[in-house]
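The values are calculated or read from the model by the stated rules, or taken from the named source; none is laboratory data. Since this is a predicted model, take the numbers as computed values, not measurements. Here the Cβ positions follow ideal geometry from the backbone for every residue, glycine too, while neighbour counts run over all protein chains shown.
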């Protein structure tokens, strides 16, 4: 039987190396900026002069992490589609996955389950996580990082972000935030800059130098280990899936 595990493991390892390298660059850039800000403060300069540099550093980092996540999700879709294609060829099945309705990971799963006969009694936790990745992927693809809170109730995506340790959005901590008088003055100084819609986000996630406020605006913050967790989930799900495929043909 075709070895489906090793090639995927190899490519996921490649993703891991890429992520590690990217995170090293992100951390070095933040270290360099912090050093510049500290030097500026020692000279008696206002640290608020650095807000634009700080904003763009964190925004670019967030965008790069989003790009890596989208690439990982696209890779997952690709290997599932390829598994369906190879199973159809190997077992000379009349139906192709493209003959089924639907798209993406759901169509691939339906093909493997209904046509190939794979038992999906495994990996419920990983599949549920992957379905959450699908919601996040669709949001990023169509709306980017910006997420405005649903006024009626939490959506499934909002619940996923709230409960994931490597994702964050300010609307989950707004009710717990208390501003001091100096912090409120800082906020008041910027609230009228309506021609600069990105200002609420410029402070990033380490803002003690700007009065202690933590405002990412309406952007979803992707933390450093999120894409590593995604890789771990994909790897575990794929390994369990291939083992189930092998049991299907052995029976």
In the stretch 19-40, residue nearest to the chain's Cα centre (by Cα) [restricted to those that are surrounded by 13 or more Cβ atoms within 10 Å (Cβ to Cβ) and touching a residue at least 12 places away in the same chain (Cβ under 8 Å)]: 19
Selected residue (criterion: modelled with the lowest pLDDT) from residues of the stretch 108-126 that are part of a helix (DSSP H, G or I) and surrounded by fewer than 17 Cβ atoms within 10 Å (Cβ to Cβ): 124
Given (1) within 13 Å of the chain's Cα centre (by Cα); (2) not in a helix (DSSP H, G or I), number of the condition residue 148 does not satisfy: (1)
Positions within the stretch 161-184 being modelled with pLDDT of 90 or more, touching a helix residue (DSSP H, G or I) at 6+ places or on another chain (Cβ under 6 Å) and part of a helix (DSSP H, G or I), in sequence order: 162
Criterion: in contact with a strand residue (DSSP E or B) (Cβ under 7 Å, 6 or more places away or on another chain) and modelled with pLDDT of 90 or more - qualifying residue of 136, 145, 157: 145
Any chance residue 16 is part of a helix (DSSP H, G or I), touching a residue at least 12 places away in the same chain (Cβ under 8 Å) and farther than 15 Å from residue 226 by Cα: no
Flag if residue 10 is assigned to a helix (DSSP H, G or I), free of Cβ contacts under 8 Å to residues at least 24 places away in the same chain and surrounded by 14 or more Cβ atoms within 10 Å (Cβ to Cβ): no
Residue check, residue 86 part of a helix (DSSP H, G or I) and farther than 26 Å from residue 145 by Cα: yes
